[in-house]
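Working notes, structure below.
The values are calculated or read from the model by the stated rules, or taken from the named source; none is laboratory data. The shown structure was predicted, so the numbers you read here are calculated from the model rather than taken from an experiment. All Cβ positions, glycine included, derive from the backbone under ideal geometry; neighbour counts span all protein chains shown. Surface accessibility is based on the protein's heavy atoms, side chains included, excluding ligands, DNA and RNA. Shrake-Rupley method; radii C 1.70, N 1.55, O 1.52, S 1.80 Å.
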Amino acid sequence: MAKKKVAKKAKKKVAKKKVAKKQTTRKKVAKKAAKKNVAKKKVAKKKVAKKKVAKKKVAKKKVAKKKVAKKKVAKKKVAKKKVAKKKVAAKDHLFDSVLELIRKTSAEIPEDVQKVILEALEREEKNTTAEYAMGIIKANIELAKRKSQPLCQDTGTILFFVNHPAGFHQNKFKKTVEKAVVKATELGYLRQNSVDSLTGKNDTMNIGPGHPDIHFHEHDKKTIEIRLMLKGGGCENVGAQYSLPHTELGAGRDLDGVRKVILDAVQKAQGKGCGPGVLGVTIGGDRGAGYVNSKEQLLRRLDDENSHPDLRELEKDIVATSNELGIGPMGFGGKTTLLGCKIGALNRLPASYFVSISYMCWAYRRLGVVLKNDNAISKWLY
């Protein structure tokens, strides 16, 4: 009996140990499971955190992109504004440049012309009407420049000669020139001087058909050159055009015939063209082209020399012979009837031989400028 009891006790202990072991094993398994769950939660948290970080990075990138986009847009706007400002500046410079060209042309004689006028004054005999007339011309030149006022009450036909590169916008230029002409008239640089030929009204500010008269020429340079001539009505009235042969003058179709008709024009002009004057002459062309080119000859400097030897000699001969006619300044007699003569030639039709003569008075208003890229004045011509 005692042995059976001991055996039972031993079995119970063994059973208890097994139960204890199972419980321990279960606890260990539970702990491991708990650890795994914790680890999984940590991993999950890390993943969530990473996702959040990733989302933040994406959000930051989006914000950064938006900022970059905004900056680009802002830069574009700024760039557009700058371009717009540059365009406005260029337009303003053109207006200012043309206005200054008009002011200076109206008030100041070119240096090459003034030099010849002063030489003529020295050449006239002392205490003569001719010397007195030339003295008044000299004083007029100095006064007009000092006061920046027109040299003559007749500010004349406004003639622009524009040399420009390819791609130049003539219409835009013309509109700006017209605005500058109106402003110059308001400021007194120009007289209100444009009459409607049908109504006789002079109620515009020098703007109308043919006023101002703008001649465009495309050249190979990249720069824009503007020459301005103000040509008074008195000298324009004594211009002439001859068709050779001219029987009354015995002028044939040669340079001797050309010489005869030019001197006839000088003789007929007398002092009515406000002499001493300068002649611009064109041999050939049709009637219209001849007159235009004769005015373009007046864009030449008085001290230049004709590249054609025969025309060079004819120019000198015309001046020398005219100054021996005794017409003199304003027709008062004297030694100075002409200050210069410039002659050009155009091809003609076999049936035609025209000699076109433009007379410019002593108030030889002709200046020019070269413009920069922004249309500001780069340098003065003449």
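Report whether or not residue 155 is modelled with pLDDT under 95, assigned to a loop (DSSP other than H, G, I, E, B) and either more than 19 Å from the chain's Cα centre (by Cα) or among the acidic types (Asp, Glu) (or both). No. The set of residues in the stretch 238-266 that are open to solvent by 50 Å² or more (accessible area, probe 1.4 Å) and within 20 Å of residue 298 (Cβ to Cβ) contains only 259. Name the residue that is nearest to residue 380 (Cα to Cα), counting only residues in the stretch 267-319 that are more than 34 Å from the chain's Cα centre (by Cα), open to solvent by 40 Å² or more (accessible area, probe 1.4 Å) and in contact (Cβ under 8 Å) with a residue 60 or more places away in the chain. Ranking the qualifying residues of the stretch 267-319, first place goes to 270. Taken over the stretch 160-173, the criterion of being in a helix (DSSP H, G or I) and surrounded by fewer than 15 Cβ atoms within 10 Å (Cβ to Cβ) is satisfied by 170, 171, 172.
Where residues in the stretch 345-358 are open to solvent by 10 Å² or more (accessible area, probe 1.4 Å) and not in a loop (DSSP other than H, G, I, E, B), which of them is farthest from residue 260 (Cα to Cα)? Filtering first and then ranking leaves 345. Residue 341 passes every criterion in (1) in contact (Cβ under 8 Å) with a residue 12 or more places away in the chain; (2) assigned to a loop (DSSP other than H, G, I, E, B) apart from (2). Scanning the stretch 113-136 for residues that are surrounded by fewer than 16 Cβ atoms within 10 Å (Cβ to Cβ) and in contact with a Lys or Arg (Cβ under 9 Å, 6 or more places away or on another chain) yields 118, 123, 125.
If we keep just the residues of the stretch 196-217 that are of a type in the set (Val, Ile, Thr) and under 22 Å from residue 170 (Cα atoms), which is surrounded by the fewest Cβ atoms within 10 Å (Cβ to Cβ)? Here the residue is 207.
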